[in-house]
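Trainee: For reference, the structure I am asking about is given below.
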Amino acid sequence: MRKFLVVSSLLCACMGLMWSASTTAVHGQVKKKVDKKKKPIANTEAIDTKVKQVEASFIRETEQFASDYFDAGHYEKARELLEIVVKIKPDSESALTKIKIIDEQMLTANDLEVEINAAMGWQTAKVMVTKDQPIRLEVEGTYRFVVNTTLDFTGFPTQDVDKEMSNSVAAGGLMGVIVNEMNKPGRPFPVMSSDFRPDSTGKLFFRVNAPADNKNVGKIKVKLSGAVKSI
């Protein structure tokens, strides 16, 4: 029994020494890997040159396709391609200049005029507008704002823009709204001489931001051009 205990003790001691040696070796290997120097980064000048050549070729071809679309009368497609060029090369003077030319060409097309009676509610502009397609508005004219309404301390009600005023447009200001294909009106927006891109597709309506029982006198003219379609 004593011999067994002695042998067991010796085995345990040997195993302990082996474990210690193994652990030391492993740590040594880890340390050696950590201390190992990184491989030097290769020179990429040749690759960089090829990338620049491909980029320049892509820009040339894309601008040529844009010119082809422009000549064919597809201004929006031409503009989309030029926008890709600008994303790749923000300082591309040729692409930026062509975009300005396209915008002006689009904004001066389809001249229309509508007259808004300042005393009436929502009045159709008899045009369809398309989301994100450019429109130019030119507004002129004056009218007499006449209201004889009893109010409390809260002022004009603004819950129903069909019958009441809008809180998103100045009192008495001309405003517009786009009614989509589901016959749902969007949020009224102020109308002034400016270029803009609608946030939805639908029919365009105008009215003066005044109470329904107003006695306004006068008319306002609005000239529209750009991506507008008569209906």
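The values are calculated or read from the model by the stated rules, or taken from the named source; none is laboratory data. Given the structure is predicted, the values throughout are model-derived calculations rather than measurements. Cβ coordinates were reconstructed from backbone atoms using ideal geometry, including for glycine residues, and neighbour counts include every protein chain displayed.
Trainee: Tell me, yes or no, whether the stretch 52-68 has at least one residue that is at negative phi and part of a loop (DSSP other than H, G, I, E, B). Outline the logic, then answer.
Mentor: To start, the set of residues in the stretch 52-68 that are at negative phi comprises 52-68.
Cutting the leftovers down to part of a loop (DSSP other than H, G, I, E, B) gives us none.
Looking for residues that are at negative phi and part of a loop (DSSP other than H, G, I, E, B), one finds none in the stretch 52-68, hence no.
Trainee: With the structure loaded, tell me whether Phe189 is free of Cβ contacts under 8 Å to residues at least 24 places away in the same chain, over 23 Å from Glu113 (Cα atoms) and out of contact with any Cys (no Cβ under 7 Å at 6 or more places or on another chain) or whether it fails that test.
Mentor: Taking the combined requirement at face value, the residue does not satisfy it.
Trainee: Output the residues belonging to the stretch 116-142 that are of a type outside the set (Val, Ile, Thr), in a loop (DSSP other than H, G, I, E, B) and within 24 Å of His74 (Cα to Cα).
Mentor: Lys131, Asp132, Gln133, Pro134
Trainee: Another question, then. Conditions: (1) assigned to a loop (DSSP other than H, G, I, E, B); (2) in contact with a Lys or Arg (Cβ under 8 Å, 6 or more places away or on another chain). Glu113 meets all but one. Number of the miss?
Mentor: So the condition that Glu113 fails would be (1).
Trainee: Taking only the stretch 26-69 into account, find how many residues are at pLDDT below 90, among the hydrophobic types (A, V, I, L, M, F, W, C) and surrounded by 10 or more Cβ atoms within 10 Å (Cβ to Cβ).
Mentor: Count: 2.
Trainee: Going residue by residue through the stretch 201-212, is there one that turns out to be over 23 Å from Gly141 (Cα atoms), at pLDDT below 95 and surrounded by fewer than 16 Cβ atoms within 10 Å (Cβ to Cβ)?
Mentor: no
Trainee: Please go through the stretch 77-100 and pick out each residue that is in contact (Cβ under 8 Å) with a residue 24 or more places away in the chain, surrounded by 15 or more Cβ atoms within 10 Å (Cβ to Cβ) and not basic (Lys, Arg).
Mentor: Passing the criteria: Ala78, Val85, Ser92, Ala95.
Trainee: I'd like to verify a number: residues in the stretch 70-87 that are among the small types (Gly, Ala, Ser) and either touching a strand residue (DSSP E or B) at 6+ places or on another chain (Cβ under 7 Å) or at pLDDT below 90 (or both), how many?
Mentor: Looking only at that region, the number is 1.
Trainee: Please tell me if Lys221 is at pLDDT 95 or above, surrounded by fewer than 14 Cβ atoms within 10 Å (Cβ to Cβ) and outside any loop (DSSP other than H, G, I, E, B).
Mentor: So Lys221 passes the test.
Trainee: When the residues of the stretch 135-156 are filtered to those that are surrounded by 14 or more Cβ atoms within 10 Å (Cβ to Cβ) and within 35 Å of the chain's Cα centre (by Cα), which remaining residue is nearest to Lys215 (Cα to Cα)?
Mentor: Phe156
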